[in-house]
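To keep things clear, I will list the structure first and then write my remarks on it.
Please treat every number below as a calculation from the coordinates, not as lab data. Please read these numbers as outputs of a predicted model, since none were measured by experiment. Positions of Cβ are backbone-derived with ideal geometry, glycine not excepted, and every protein chain shown enters the neighbour counts.
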Amino acid sequence: MLTLADIEHEAVAALLARYGLRLERVADGMPIPGSYWGECEAGLIGSTVHARGDTPVHSLLHEACHLIVLPPERRAAVHTDATDSIEEEDAVCILQALLGDALPGVGRARVLADMDAWGYTFRLGSAAAYFEHDSDAAWRWLQARGLVELPARTLALPVPAPC
């Protein structure tokens, strides 16, 4: 599982900043504020994503995407649990894979594989199968919010190119 320690912290911070978010690096061994799952999983408080070196990249991106899909005025109220919306959860799974492409040394294939290794479950058996064949409603949900372009199925907002 790819972790924050395996990639450039600055690249992640820069990517999140483009969406008005902040990455807060938590010291190794310390509890992660705002973590829904506990352990090494990323946490959310307001517009800040909290993560340690052992936080899986897919977890960090997933939690960040919950904030990205919210209007900035709603982000301030987020603490630990971002949503109870199935539609948002599905859309966030797509968006996190797309953002993986914007990080050097990550890419969507790695994000999707790590989602499977973590235990995400999808009707078609894998995150990649969901992304490619079973996610039309999620893509439309993201498009309605101006986050992706269809039919190209790419990010609508500019993200930094991988180094």
Does any residue of the range 114-122 turn out to be touching a helix residue (DSSP H, G or I) at 6+ places or on another chain (Cβ under 6 Å) and of a type in the set (Ser, Thr, Tyr)?
-> yes
Inspect the range 44-51 for any residue being touching a strand residue (DSSP E or B) at 6+ places or on another chain (Cβ under 9 Å), in a loop (DSSP other than H, G, I, E, B) and under 14 Å from Ala17 (Cα atoms) and give the result as yes or no.
-> yes
Restricting the range 115-141 to residues that are among the charged types (D, E, K, R) and not in a loop (DSSP other than H, G, I, E, B), the residue that is surrounded by the most Cβ atoms within 10 Å (Cβ to Cβ) = Asp116
Evaluate the following for Leu112: is it closer than 25 Å to Ala17 by Cβ, buried (at least 22 other Cβ atoms within 10 Å of the Cβ) and either among the β-branched types (Val, Ile, Thr) or touching a residue at least 40 places away in the same chain (Cβ under 8 Å) (or both)?
-> no
With the first residue restricted to the range 126-154 and required to be touching a residue at least 24 places away in the same chain (Cβ under 8 Å), and the second required to be of a type in the set (Lys, Arg) and exposed (fewer than 15 other Cβ atoms within 10 Å of the Cβ), Cβ contacts under 6 Å at 6 or more apart or on different chains are none
When Met1 is run through (1) touching a helix residue (DSSP H, G or I) at 6+ places or on another chain (Cβ under 8 Å); (2) within 19 Å of Thr80 (Cα to Cα); (3) surrounded by fewer than 19 Cβ atoms within 10 Å (Cβ to Cβ), the failure sits at (2)
Report, by residue number, each residue of the range 88-114 that is assigned to a helix (DSSP H, G or I) and either among the hydrophobic types (A, V, I, L, M, F, W, C) or over 15 Å from the mean Cα position of the chain (by Cα) (or both).
-> Ala91, Val92, Cys93, Ile94, Leu95, Ala97, Leu98, Leu99, Ala109, Val111, Leu112, Ala113
Right, Gly38: of a type outside the set (Ser, Thr, Tyr) and either closer than 13 Å to Leu67 by Cβ or exposed (fewer than 13 other Cβ atoms within 10 Å of the Cβ) (or both) or not?
-> yes
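How many of the residues making up the range 48-81 are under 19 Å from Pro31 (Cα atoms) and crowded, with 17+ Cβ neighbours inside 10 Å?
Looking only at that region, the number is 17.
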Within the range 58-81, tally of residues that are closer than 24 Å to Glu149 by Cβ, among the hydrophobic types (A, V, I, L, M, F, W, C) and not in a helix (DSSP H, G or I) = 2
